[in-house]
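Coordinate-derived values only; no laboratory data. Remember, predicted model here, so these are calculated numbers, not experimental data. Cβ placement follows ideal geometry from the backbone for every residue including glycine, while neighbour counts extend to all protein chains displayed.
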Amino acid sequence: MSYHRPAMLLAAALLASQAQALSTPRLSSGLPWGDQVSRDLSLQVAVEPLDHALIGPFRERDRVAFRFRVSEVGSDVPLPGLRPAAWMAPLPAGENVDPGACVAEGPRLPLREEAEGTYEAVTRLGRPGRYEVAFFLGSPRLVHCFEVEVLPAG
């Protein structure tokens, strides 16, 4: 898979109430989708810099777009008009994303529907470190968490 920058490490995915799902890399619709989480719904995740000329890992103060595409499994029909939430919070040193605890909210990302079934949050990355990013949809229930590493500007 080709990325402009290493985007994320998949830590865990949770679907329905407690069922754990598998995630596999996938390219779709011309976007560099990084994960696909499937059960009753499909969630595709992409993280990319807004300055496409940048190469290498994410750095503090980079502006990035988090994109989440929700569709029906098998038909790839997008699900517009949903009200998902997303947030990003620093991970304490030595900790990884905990799939059972990833529903604890952190600072919200400003999520909007960019295209039918594709929800986007644009943000400027903060201080260096590892961050947990969570996507949450209440009905139908869908939760997905992953890590993003931010290096010092340089």
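Between Asn96 and Leu151, what is the label-to-label distance in nm when each label sits 7 Å out along the Cα-to-Cβ direction?
2.2
Hey, what do the phi angles of the range 67-81 turn into as Karplus ³J(HN,Hα) couplings, whole Hz, using 6.51/-1.76/1.60 and θ = phi - 60°, x for Gly and Pro?
Rounded to whole hertz, the list is 10, 10, 10, 10, 8, 7, 5, x, 9, 6, 7, x, 10, x, x.
Can you tally the net charge around Ala93? Count Lys and Arg as +1, Asp and Glu as -1, for every other residue whose Cβ sits under 14 Å from the Cβ of Ala93.
Result for the neighbourhood of Ala93: -2.
Starting from the 7 Å offset along Cα-to-Cβ, what nm value, one decimal, do you get for the label separation of Val122 and Arg63?
Computed distance between label sites Val122 and Arg63 equals 0.6 nm.
If we count every other residue with Cβ under 10 angstrom of Tyr131's Cβ, Lys/Arg +1 and Asp/Glu -1, where does the sum land? Show your work: numbers first, answer last.
Working: positive: Arg127, Arg130; negative: Glu132, Glu147, Glu149.
With Lys, Arg at +1 and Asp, Glu at -1, the net is -1.
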